[in-house]
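The values are calculated or read from the model by the stated rules, or taken from the named source; none is laboratory data. Fair warning: this is a prediction, and the values are worked out from it, not measured in the lab. No Cβ is skipped: glycine too gets one built from the backbone with ideal geometry, and neighbour counts run over all protein chains shown.
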Amino acid sequence: MCGIMGYIGSGNAVPLILDGLARLEYRGYDSAGIAILQGNEIQVRKKEGRLSGLIEAIGQPPAADLGIGHTRWATHGIPSDRNAHPHQSCDERIALVHNGILENYMALKKELCEEGHRFKSETDTEVIVHLIEKYYQDDLEAAVREALTHMQGSYAIAVISRDEPQKLIAAKKDSPLIIGLGEGENYVASDIPAILHKTDQVYILQDEELAVLTADRVAITDFSSAPVEREIFKVTWDPVSAEKGGYEHFMLKEIHEQPRVLTETLRGMIGEDGSVDMSGSGAEHLLREVKKIYIVACGTAYHAGLIGRYAIEKLARIPVEADIASEFRYRDVLWQPQTLMIVISQSGETADTLAALREAHRHGVPVLAVTNVVGSSVAREADAVIYTHAGPEIAVASTKAYISQILVMYLLALQLARPRPEAGDGIRRLSAELLKLPAQVEAVLKQEAQVKALAQKYQDVQSTFFLGRGLDFAVAMEGALKLKEISYVHAEAYAAGELKHGPLALIDHGVPVLALITQSHLVDKSISNIKEVKARGAVVIAICPGNLAGACAECDEQILLPDIDDFLSPLAAVVPLQLFAYYMAVFRQADVDKPKNLAKSVTVE
Ligand code: AGP
């Protein structure tokens, strides 16, 4: 995730900013840059790669009392010196750093280019600085305010101008930004760890607020210029927990980031008619006249692919095979004309997934990548990419990347269904339902205490089963993987109807069975399976929406989901399973974020 650090005051801005950026390194980034005011010039240095490369390029830090710095996690444009922030106006009078995604950047860029602005990067961010330049008439604050009225999307920005050397302007909407208060100096940062070693007194900016920082003062107003009285927040976290946003582990932080990740991934994907429209994604040309789809991935990403298979076949009526990449690459596939391969990979570097992609290319089959990392191998080699916008995932166990992957699967299914006139109403209805997801996942997260209590109760079990039918089976597979991966408890996922063909022999007194029951049309069948395991002494924990609670009454425990469309239920149902795995690992004193024997990115076969 991008990091912002800005400084104004009597100290030396350069080492202070670089130090702040270094404290944000844990968030992940691919390039870094800094802009400082020296005399009446803004000096900018930017470097792809690690912060150490930028530090080396700067050499002996020059003296400056105003500056902004940034670590970039690419979203628009590959990681490169050119795309790194800060970006500058044409006349180099203004410099800006930005976190977030500017949704309407293409329309704004076109307009600005027609007006004569010259762009140097492929980023959405550069549009903002040109927009500020357009409105700049010797008043940076007024120009920023005007620019904000034209911006759609999420942003946290910090801006300086060589003509107003005593001022740093910050503003935010849907992306975090804080202000650190010092003695004769003030800071702006995207996150508390950047400034915690300097001050524990902060203002946390709220959405649609703008702050003007000088060395001695911070004035906060809302976007309509009304003054805001903000209480100082005294940070009591130690630096290590500050990195995790106050959570004990990155995994828990990432689980809680999921509502925001869904919002980010949905950005720009719903057209003006209220239905899914991926025409801005650059992938649309691959989605026309497709007759067969292979979805190929590993681990959690493969589980997202299984949901993609259900969703695409149901909505678009195109045959889909979902395959494990390490199997797919050695299988003698019967390639047919008008086939598309979709690869899913959080890291974009998984060796088997990359090999499957190359196999498709060898047969002239185009590949659409769904990945979280801009500039990754998969993103570079695919014919088109849809990014998941989950931000860097640090815990080895994938959570927020998975939820964004399954959201992209639904978006793709809805896009592929567009040519079917009979799908029209369904597309509009489901598109509207997608917009409710962030709030619904937020509601599921409120069940955390209950899930934690269940994990505490069952922490000593040796073995668990996860059952489901249809979409629920795909979620069960993910729940079981999460549990075994981080808590080292044996966990088996089974299609509920398959149990009596063998694994039922393993069900014994006290074995927890986590039963996913979200599909109304399959509820009776699922209840029969529950009776089978209960009759053999299993303890059944049902994960079901409130409207099926009555049907699931004979389960020993229930985790209730909000009433969500059956078809979209995986997006809510997986959350309690992630929390269950997390707390089981915590109670069993496992290393949650770095489970034994596993790596975040598997770049070898
Ligand atoms: C999930 O929690 C895992 N850590 C793992 O299964 C992962 O999803 C898999 O290795 C695929 O990684 P990728 O998405 O980066 O390709």
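Things worth noting here:
- If you go through region 351-370 and keep only what is in contact with a helix residue (DSSP H, G or I) (Cβ under 6 Å, 6 or more places away or on another chain), more than 8 Å from the ligand (Cβ to nearest atom) and of a type in the set (Val, Ile, Thr), you end up with Val367, Val370.
- Single residue of Ile307, Ile295 found to be assigned to a helix (DSSP H, G or I), among the β-branched types (Val, Ile, Thr) and within 22 Å of the chain's Cα centre (by Cα): Ile307
- Arg329 modelled with pLDDT under 90 and of a type in the set (D, E, K, R): yes
- Ala480, sole failed condition from (1) free of Cβ contacts under 8 Å to residues at least 60 places away in the same chain; (2) away from the ligand (no atom under 16 Å from the Cβ); (3) crowded, with 22+ Cβ neighbours inside 10 Å; (4) more than 26 Å from Leu266 (Cβ to Cβ): (2)
- Candidate set: region 328-350, residues that are within 9 Å of the ligand (Cβ to nearest atom) and surrounded by fewer than 24 Cβ atoms within 10 Å (Cβ to Cβ); chosen: the one nearest to Ala301 (Cα to Cα): Ser347
- Conditions (1) away from the ligand (no atom under 12 Å from the Cβ); (2) within 21 Å of Val290 (Cα to Cα): number failed by Gln405: (1)
For (1) of a type in the set (Val, Ile, Thr); (2) at pLDDT below 90; (3) buried (at least 16 other Cβ atoms within 10 Å of the Cβ), each residue gets a yes or a no:
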| site | (1), (2), (3) |
| --- | --- |
| Val218 | yes, no, yes |
| Thr221 | yes, no, yes |
| Glu229 | no, no, no |
| Glu243 | no, yes, yes |
| Arg267 | no, yes, yes |
| Ile270 | yes, yes, yes |
| Gly274 | no, yes, no |
| Gly280 | no, yes, no |
| Ala283 | no, yes, yes |
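- Taken over region 289-327, residues that are in contact with a Phe, Trp or Tyr (Cβ under 6 Å, 6 or more places away or on another chain), under 20 Å from Val365 (Cα atoms) and more than 16 Å from the ligand (Cβ to nearest atom) amount to 1.
- Residue, nearest to Gly305 (Cα to Cα), within region 538-577, restricted to residues that are without any contact (Cβ under 8 Å) to a residue 40 or more places away in the chain and among the charged types (D, E, K, R): Asp563
- Scanning region 137-188 for residues being within 25 Å of Met106 (Cα to Cα), at pLDDT below 95 and among the acidic types (Asp, Glu) gives a total of 1.
- Count - residues of region 473-493 that are in a helix (DSSP H, G or I) and aromatic (Phe, Trp, Tyr): 1
- Taken residue by residue, region 43-58 has no member that is among the aliphatic types (A, V, I, L, M) and touching a residue at least 60 places away in the same chain (Cβ under 8 Å).
- Cβ-Cβ contacts under 7 Å between residues 6 or more apart (or on different chains), taken from a first residue in region 369-381 that is at positive phi to a second residue that is more than 10 Å from the ligand (Cβ to nearest atom), are listed as Gly375/Asp30; Gly375/Ala74; Gly375/Ile78; Gly375/Pro79.
- Filtered residue count, region 23-46, keeping only those that are touching a helix residue (DSSP H, G or I) at 6+ places or on another chain (Cβ under 6 Å), over 13 Å from Trp73 (Cβ atoms) and either small (Gly, Ala, Ser) or at pLDDT 95 or above (or both): 3
- Residue within region 231-241 that is charged (D, E, K, R) and under 22 Å from Tyr26 (Cα atoms) present: yes
- Pairs where the first residue, in region 382-411, is at negative phi and the second is of a type in the set (Phe, Trp, Tyr) and within 11 Å of the ligand (Cβ to nearest atom), C-beta under 9 Å, 6+ apart: Ala390/Tyr402
- When region 449-473 is limited to residues that are charged (D, E, K, R) and buried (at least 20 other Cβ atoms within 10 Å of the Cβ), the one that is farthest from the chain's Cα centre (by Cα) turns out to be Arg469.
- Of the helices (runs of 4 or more DSSP H) lying entirely inside region 91-174, those containing at least 1 residues that are among the aliphatic types (A, V, I, L, M) and under 25 Å from Ala226 (Cα atoms) are 125-135, 140-148.
- With respect to (1) loosely packed, with under 14 Cβ neighbours inside 10 Å; (2) out of contact with any strand residue (DSSP E or B) (no Cβ under 9 Å at 6 or more places or on another chain); (3) closer than 25 Å to Asp81 by Cβ, the lone exception for His117 is condition (1).
- Residue match in region 269-288 (condition: part of a loop (DSSP other than H, G, I, E, B) and within 15 Å of the ligand (Cβ to nearest atom)): no
- Between Asp124, Asp81, the distinction of being modelled with pLDDT under 95, among the charged types (D, E, K, R), farther than 18 Å from Ala211 by Cα and surrounded by fewer than 19 Cβ atoms within 10 Å (Cβ to Cβ) belongs to Asp81 only.
- Selection of region 376-395 for residues being near the ligand (Cβ under 10 Å from one of its atoms) and closer than 21 Å to Ala572 by Cα yields Thr388, Glu393, Ala395.
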